[in-house]
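The structure under discussion appears below in the form of structure tokens.
Any read-out appearing in this document is the output of simple, stated calculations on the displayed coordinates, not a laboratory observation. Values in this document were obtained by computation on a predicted structure and should not be read as measured data. Glycine gets a Cβ as well: all are built from the backbone with ideal geometry, and neighbour counts include every protein chain shown.
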Amino acid sequence: MSAIDPRIASIKKNLSKFNFALLVMSPKGGVGKTFATALLAHILSYKYNTISLLDTDLTNPTLHIVLGLNAEDMRIIEDRGIRPVKVDNKLELMSLALFVNNYSTPLRGRDIENVIKELLAVTKWSGDVLLVDTPPGFSDTHLELFKLLSVENRVFITLITSPSSIALKSIERITSILMTELAKIVGILGNMCTNYDDEAKVRATAYKCGLEYLGCIPFIDKIENYFGSGLIKILEKLGSFPSTLLKNIELLTRC
Amino acid sequence: MHEWALAEAIILSVVEEAKKSGKNVFNVEVIVGELQSVDLEVFKFALNELKTLAEQEQGVLIKSLKISRERAKFRCNRCGFEWELSNEKLSEDAKEAVHFVPEVIHTYLQCPRCKSHDFEIVSGRGVYMRVS
């Protein structure tokens, strides 16, 4: 008798409705991946009806906080699987925080693979695009996501960096390994840029890596005050940046 | 019900196997891990309903369907202690969370001897299957 993991068939079915999956990645922690993911979700919602968000930071999920949700108020809703948590009319979210509230979950490699599989197998999405917030680095979580998502979806990556020299060097390092894996990288998005010099550094790194420069999100003081509905206010202050970024993503995910 | 989702995954997998192998008659064994607290009555009912649909709509016949349970056992990665789920008492909230994502047991359980959260789920994790 041959052994079969029945979750794979569910994952294929659940993911088949997405136009594409977009992974938000950075080799370096603390560059604002989660914040950038939340902003990207709102930007993508200009074009798509519903954006499905998956927080794959399993040990310390925080995307729900940036989106203005409280883990203790999130409830598991069953519907031949689980429905993602409604953030607003355009965004829905699946996160391990739904199952562990504010506790942490210490996991080893095989457990990480299992959690990613289980979340993808059990979640009944309703969105058009899957946007994935990933933990820093390039290890078990990312490798499992690449494996599972690429079976059914076109998978793209957006790299996030701050203008610090360590973050930019890390971007160069991860880009070279991702390129050898034939990963489709939409481009590099800067975050926490305070002036033109910062933007120029991010732009130069994108050029050096042969990637699209997607722009820079400026440094925002007291950013916690904007979590939740305040994210929209940030986008309003960014002028043409959100629509230019959306056009870039559309262009690069088309082929 | 999650049991319906699990049953659907089993039948979908058999239908996929039929497409891959060109066979249309199967013996299926489903192993249900204790950790996932599957309601076996609901699960069996869902499997039988979906099995009939697969036969009628896809021409895939499941000749025999055996369901067996596997006890959940753990081994501490720090001190090597081994123990079983049956020795533990979980809250209803924890049981529900573990039902959907068994690995969150690492949040709710510690090694009874050294109190570490770093343990291995040796058996009885979730649902898997064998086909022939």
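Points worth noting:
- Theoretical FRET efficiency, 1/(1+(r/R0)^6), r = Cβ-Cβ of A:Arg154 and B:Arg75, R0 56 Å, to 0.05: 0.85
- Long-range HN-HN contacts of A:Phe156 with modeled amide H, under 5 Å: A:Ala21, A:Leu22, A:Leu23
- Dipole size of the protein assembly as shown about its Cα centre, with +1 on Lys/Arg Cβ and -1 on Asp/Glu Cβ: approximately 820 debye, rounded to the nearest 20.
- Links that overshoot a 20 Å alpha carbon limit, given the list A:Lys17/A:Lys86; A:Lys33/B:Lys95; B:Lys73/B:Lys115; A:Lys28/A:Lys222: A:Lys33/B:Lys95; A:Lys28/A:Lys222
- Residues B:Arg71, A:Arg7, ranked from the fewest to the most other C-beta atoms within 10 Å, line up as B:Arg71, A:Arg7.
- Based on alpha-carbon atoms, the Kirkwood radius and the radius of gyration of the protein assembly as shown give Rg/Rh equal to 1.00.
- Distance (nanometres) between label positions extended 7 Å along Cα→Cβ at A:Tyr46 and A:Lys86: 2.6 nm
- Residues in region A:7-45 reached by a label modelled at A:Lys184 [backbone nitrogen below 14 Å; 7 Å Cα→Cβ]: A:18-23
- Shape call, region A:1-129: gyration tensor on alpha carbons, a/c limit 1.5: rounded
- Square roots of five times the Cα gyration tensor eigenvalues for region A:106-154, Å: 19, 13, 10
- Rounded to whole Hz, the Karplus (6.51, -1.76, 1.60) HN-Hα couplings of region B:23-33, x for glycine and proline: 7, 9, 10, 9, 9, 10, 10, 10, 10, 10, x
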